[in-house]
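Engineer: What follows is a structure written as structure tokens; I'll ask about it next.
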Amino acid sequence: MPVGVVDCDIHPAVPSLDALLPHLPGHWADTAVQRGITDLNTASYPDNAPITARPDWRPDKGRPGTNLTLLKAQALDHWNVGAAICNCLYGVQTLFSADMAAGFATAVNTWLARDWLDKDARLRASIVVPLQNPDLAVDEIERWAGDRRFVQVLLPVFSDMPLGNRYYWPVFAAAERHGLPVGIHAGGTYRHPVTSAGWPSYYIEDYVAQAQGFQSQLASLICEGTFAKFPALKVVFIESGFTWMPAALWRLNKYWQGLRMEIPWVDRQPSKIARDHIRLTLQPVDSAPDPKNFERFMNHMESDEMLLFSTDYPHWQFDGDEAIPDGFSPDLVRKIQIDNPHSTYSRLTEAAS
């Protein structure tokens, strides 16, 4: 039986471009210097914004999430974490050049392996890929799939087209072939609006609209037949919230009843497909802290296997030790913290054995 809590979403941050230069393929290292590229960190979590890190999790200097010693004390040791999955949110997906993005993806993954995974046996990582070109993304998966510490493929929720589109199927094929779930994380390329009505004016609108992006990807993955094509595939929605899921699935079920003739490969209710293939990380919790709300959510989902523990370290999503809200039974807490992550990420068990 696996032991130790599994944190399915922590965020090591690239401290500066200097940390990546030694790992960039030679041409792209020269290009970065010659073009004066200083950083690819996105504006999703500005360094000094309160939401970027809890006050007690901020380092004395440097970006939040860049200090391994602090991460060990504040996240791994504090919650008795047996394994934690590093999801590095660097601006690889924002580049217009697919070739440059591929170079930076390789650099980020190498930096993760050398500066993080090599230094604490509890750490695992998601493979950052250049989604601008599925063939290059597959090359990056193949490059790292042999390192069993990489347990997932990381994609942004806002992409150039819905992720279920067959254009992206080579990425899912490679992930399934290597037993890797695909993690879809909040954020994106920001070459297209984050709302269906165009560009918003304020950050709060962007933040709220992330859940709409996950709902769209849920419909795309199911209706395009991604799970019919790749029946062993698991997809993890990361930082998506989760209380929106029952209503979204109810709506999909309802319209599938009348429109399923156009998608014959969806041969059962979308909600049943989601329960088999979709998982969601716990933080941020998008509900009022009322135990009855969570009891209602679990009843509507008809599954206790979909939620995965996460802290979203170092982002500020909760205070103190309240990573798991009130309302979950001890048995459910164990499933969320240990059993569900191990059944989702088979490599966690392999690495522990």
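Engineer: Does residue 146 satisfy the condition of being of a type in the set (Gly, Ala, Ser), at pLDDT 95 or above and touching a Leu at 6+ places or on another chain (Cβ under 9 Å)?
Structural biologist: Working: of a type in the set (Gly, Ala, Ser): yes; at pLDDT 95 or above: yes; touching a Leu at 6+ places or on another chain (Cβ under 9 Å): no.
Considered against the rule, which asks whether it is of a type in the set (Gly, Ala, Ser), at pLDDT 95 or above and touching a Leu at 6+ places or on another chain (Cβ under 9 Å), residue 146 comes out as no.
Engineer: Mind counting the residues in region 1-20 that are surrounded by 15 or more Cβ atoms within 10 Å (Cβ to Cβ) and either of a type outside the set (A, V, I, L, M, F, W, C) or part of a helix (DSSP H, G or I) (or both)?
Structural biologist: To start, the set of residues in region 1-20 that are surrounded by 15 or more Cβ atoms within 10 Å (Cβ to Cβ) comprises 2, 4-15, 17, 19-20.
With either of a type outside the set (A, V, I, L, M, F, W, C) or part of a helix (DSSP H, G or I) (or both) added as a condition, the list becomes 2, 4, 7, 9, 11-12, 15, 17, 19-20.
The total comes to 10.
Engineer: Right, next: Look through 59, 64, 25 and report the one residue that is surrounded by 13 or more Cβ atoms within 10 Å (Cβ to Cβ) and in contact with a Gly (Cβ under 8 Å, 6 or more places away or on another chain).
Structural biologist: One residue alone meets the criteria, 25.
Engineer: Being in a loop (DSSP other than H, G, I, E, B) and without any contact (Cβ under 8 Å) to a residue 60 or more places away in the chain narrows it down to one residue among 162, 231, 170; which is it? Please lay out each step first, then the result.
Structural biologist: Working: 162 fails: without any contact (Cβ under 8 Å) to a residue 60 or more places away in the chain; 170 fails: in a loop (DSSP other than H, G, I, E, B).
Checking each option against the conditions leaves just 231.
Engineer: Still on this structure: Out of the residues in region 234-264 meeting the condition of being out of contact with any Ser or Thr (no Cβ under 9 Å at 6 or more places or on another chain) and in a loop (DSSP other than H, G, I, E, B), tell me which one is surrounded by the fewest Cβ atoms within 10 Å (Cβ to Cβ).
Structural biologist: It comes out as 264.
Engineer: Could you please let me know if residue 110 is at pLDDT 90 or above, of a type outside the set (A, V, I, L, M, F, W, C), surrounded by 15 or more Cβ atoms within 10 Å (Cβ to Cβ) and part of a helix (DSSP H, G or I)?
Structural biologist: It is true that residue 110 is at pLDDT 90 or above, of a type outside the set (A, V, I, L, M, F, W, C), surrounded by 15 or more Cβ atoms within 10 Å (Cβ to Cβ) and part of a helix (DSSP H, G or I).
Engineer: Are there any pairs with C-beta distances below 8 angstrom linking a residue in region 69-94 that is touching a residue at least 12 places away in the same chain (Cβ under 8 Å) and surrounded by 24 or more Cβ atoms within 10 Å (Cβ to Cβ) to a residue that is in a helix (DSSP H, G or I) and of a type in the set (Val, Ile, Thr), with the two at least 6 apart or on different chains, and if so which?
Structural biologist: Qualifying pairs under 8 Å: 92/108.
Engineer: Right, something else. Can you work out which of the residues in region 28-52 that are within 19 Å of residue 110 (Cα to Cα) and small (Gly, Ala, Ser) is surrounded by the fewest Cβ atoms within 10 Å (Cβ to Cβ)?
Structural biologist: 29
Engineer: Can you confirm whether residue 51 is farther than 14 Å from residue 12 by Cα, assigned to a loop (DSSP other than H, G, I, E, B) and either touching a residue at least 40 places away in the same chain (Cβ under 8 Å) or of a type in the set (A, V, I, L, M, F, W, C) (or both)? Spell out the reasoning first.
Structural biologist: Values: farther than 14 Å from residue 12 by Cα: yes; assigned to a loop (DSSP other than H, G, I, E, B): no; either touching a residue at least 40 places away in the same chain (Cβ under 8 Å) or of a type in the set (A, V, I, L, M, F, W, C) (or both): yes.
For residue 51, the condition - farther than 14 Å from residue 12 by Cα, assigned to a loop (DSSP other than H, G, I, E, B) and either touching a residue at least 40 places away in the same chain (Cβ under 8 Å) or of a type in the set (A, V, I, L, M, F, W, C) (or both) - is not met.
Engineer: Quick check on my filter: what residues within region 287-313 are surrounded by 15 or more Cβ atoms within 10 Å (Cβ to Cβ) and among the charged types (D, E, K, R)?
Structural biologist: Across region 287-313, the qualifying residues are 296, 304, 305, 312.
Engineer: Then there is this: Might you check whether a residue that is among the aliphatic types (A, V, I, L, M) and without any contact (Cβ under 8 Å) to a residue 40 or more places away in the chain occurs anywhere in region 196-205? Steps first, answer last, please.
Structural biologist: Step one: of region 196-205, the residues among the aliphatic types (A, V, I, L, M) are 197, 204.
With without any contact (Cβ under 8 Å) to a residue 40 or more places away in the chain added as a condition, the list becomes 197, 204.
Among the residues of region 196-205, at least one is among the aliphatic types (A, V, I, L, M) and without any contact (Cβ under 8 Å) to a residue 40 or more places away in the chain, which makes the answer yes.
The values are calculated or read from the model by the stated rules, or taken from the named source; none is laboratory data. Keep in mind that what you see is a predicted model, and the values were worked out from it rather than measured. Because the Cβ atoms are built from the backbone with ideal geometry, glycine has one as well, and the counts that use them run over all protein chains shown.
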